[in-house]
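Structure record follows, encoded as structure tokens.
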Amino acid sequence: MSQKKEPLACHMGMAGLNFKHNRTDLCYRAVQGTYEKHKTFEDVMNDPELNRQRLMLRNGEWPLPQCEDCKMMEDKGATSYRNRIKLSDKPDQWYVDNVDPVTGKMTKLHRVEFRFSNVCNYACRHCSAEYSTLWTKTIRNNPDLKTFDINQLTHDTSYAQFLDLDTMIPYLDRLDDGEFLELEITGGEPFFQREFYECLIKFKPYAHKINLITTSNGSIAGKWKGYDVIEILKPFNMITLKFSIDGSASFYDYFREGGNWDRVIKNILSLKEGLPQASINPVITVSNMQSARLIEIYNDFKTFSTPNKYSMCEVMRPDMLNPIHLPQELKDRYLKEWKDFVATLPKEELHAAHEVGDFTVAMLSSPDRDEKEWDNFCRYTDRLDEIFKKRVFDYFPEWEEYWTTNKPSN
């Protein structure tokens, strides 16, 4: 007789919803959730496919491919999102018990993430048309980019657009004293989206029950079309401003096309001054480029935040961006540099540094790599450099001798 499996306790999966452009998932890393365009929160909460996935987690089984990112990370020895992200101080068992053992339905909702639109003024090298209108324009002008996996995703109308936001209010009313809803709004770039401001205005009467998280590229810090960013954010119980930076000063403008390091840092400091109660969390989305400059990123972020506030996100798709595929000599070099750097840090920074480097260390330490994926990355980078009139070796000169396309020096 087989033994009963321990539940795969997951705070986001067992108490959250994530509205993407073409579906609704349990969390922001999940794939292939429900494709039903629900109009009420009651319908979303009772969606059969989402119930099935939650029930599998409760029964100790990975819903695949929905949860493949966390499974892969745990299999490789890295700390997964399931293990890392906690929505409250409640024990894991509370979240397990929040899922009905027969139906898979949630009792209470503790996290919602909205993505209203893909409107964005950047075309970052790890992104796609699904999340950026500048990428949409870039692909329209360069249709050959569709041959690369990163650009096969296109934008659909966000499922949050079909939802009557008023139907979320009863779930806010259900929260007991001391309980909060974690509400995250991402994009595209939410500060350039009217829906972002209208949503926050609608939920203002419940702002004391909402821990608000926004993910922005930092390109705006004041007013937009009559909306005052700071005044609209102020009423919420807790405010976390996550800024997708993804680079050090040395290669930020290369990686985030349309961005300017000095302007973004100035805007972040302005928001920090106007919202002193807010937590300023720079985001490091780790691809092979970030793994090559992790020490620089760690130090440059200190100009406006502290290491314990750094947020990590890993690029898992397309596979060519995974640092696991870097040439072995480069993997060994970057791994040694990072470990030597961590050895110099004061004791109070070690925990944050280990979290920052967790994914990079796991990927660089792995003997697995696919030369075809590195070649795909080289060809893809060459094409973007041609489009954006930039040159990768100006930012990563040590890569030139390993470049598979034998791109000549200028």
Given charges at Cβ of Lys, Arg, Asp, Glu: the chain dipole, positive-most of G13, C120, H110: C120
For region 282-324, with only Lys/Arg (+1) and Asp/Glu (-1) charged at the beta-carbon, what is the dipole magnitude about the Cα centre, in debye rounded to 20? 120 debye
Counting sequence-distant residues (5 or more places) and residues on other chains, those with an amide H built under 5 Å from that of C120 are T133, L134, E189
Can you report the principal axis dimensions of region 30-90 using only the alpha carbons, biggest first, rounded to whole angstrom? 39, 29, 20
Which value, in debye to the nearest 20, gives the size of the charge dipole of region 152-302 about its Cα centre, when Lys and Arg are +1 and Asp and Glu are -1 at the Cβ? 440 debye
At 0.36 nm per residue, minus the direct Cα-Cα distance, what do K76 and D144 gain on full extension? Give it in nm, one decimal, please. 21.1 nm
In Å, the Kirkwood estimate of hydrodynamic radius for the chain over Cα pairs equals 22.3 Å
Span per principal axis, largest first, for the Cα atoms of region 258-371 (Å): 48, 36, 19
Once label points are set 7 Å from the Cα along Cα→Cβ at both N83 and I201, what is their separation, rounded to one decimal in nm? 4.5 nm
Per the Kirkwood formula on distinct C-alpha pairs, the Rh of region 33-146 is how many angstrom? 17.1 Å
Mean-square fluctuation maximum in Gaussian network of the chain, Cα pairs under 10 Å, restricted to E189, E329, E49, hits E329
Specify which residue in the list S219, P190, V229 is farthest towards the positive end of the charge dipole of region 188-234, using unit charges on the beta carbon of Lys, Arg (+1) and Asp, Glu (-1), about the Cα centre. V229
Per its Cα gyration tensor (rounded if a/c is under 1.5, else prolate when a/b beats b/c, else oblate), region 213-254 is best filed as oblate
Percentage relative contact order, region 69-152, counting C-alpha pairs under 8 Å, at least six apart: 14 percent
In this structure, among K20/K105; K20/K71; K209/K242; K4/K71; K272/K331; K39/K105, pairs with alpha-carbon gaps over 27 Å are K272/K331
Where in region 11-37 does the amide nitrogen come within less than 20 Å of the point 7 Å from the Cα of E179, taken along Cα to Cβ? 11-18, 26-27
Nearest 20 debye, what's the magnitude of the dipole of the chain about its Cα centre given +1 on Lys and Arg Cβ and -1 on Asp and Glu Cβ? 620 debye
Would you work out which of V96, L181, T157 lies farthest towards the positive end of the dipole of region 83-186, given +1 charges on the beta-carbon of Lys and Arg and -1 on that of Asp and Glu, about the Cα centre? T157
Report, in degrees rounded to the nearest 10, the 0 to 90 angle that the Cα long axis of helix 328-342 makes with the longest principal axis of the chain. 60 degrees
Convex hull of Cα atoms in region 185-295, direction-averaged projection (nm²): 7.1 nm²
Order by accessible surface, 1.4 Å probe, largest leading, for residues E296, E355 comes to E355, E296
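The values are calculated or read from the model by the stated rules, or taken from the named source; none is laboratory data. As the structure is a prediction and not an experimental result, all values here were calculated from the model. Neighbour counts run over all protein chains shown; Cβ positions are idealised from the backbone, glycine included. Keep in mind that these areas ignore ligands, DNA and RNA; they rest on the heavy atoms of the full protein, side chains included. Shrake-Rupley method; radii C 1.70, N 1.55, O 1.52, S 1.80 Å.
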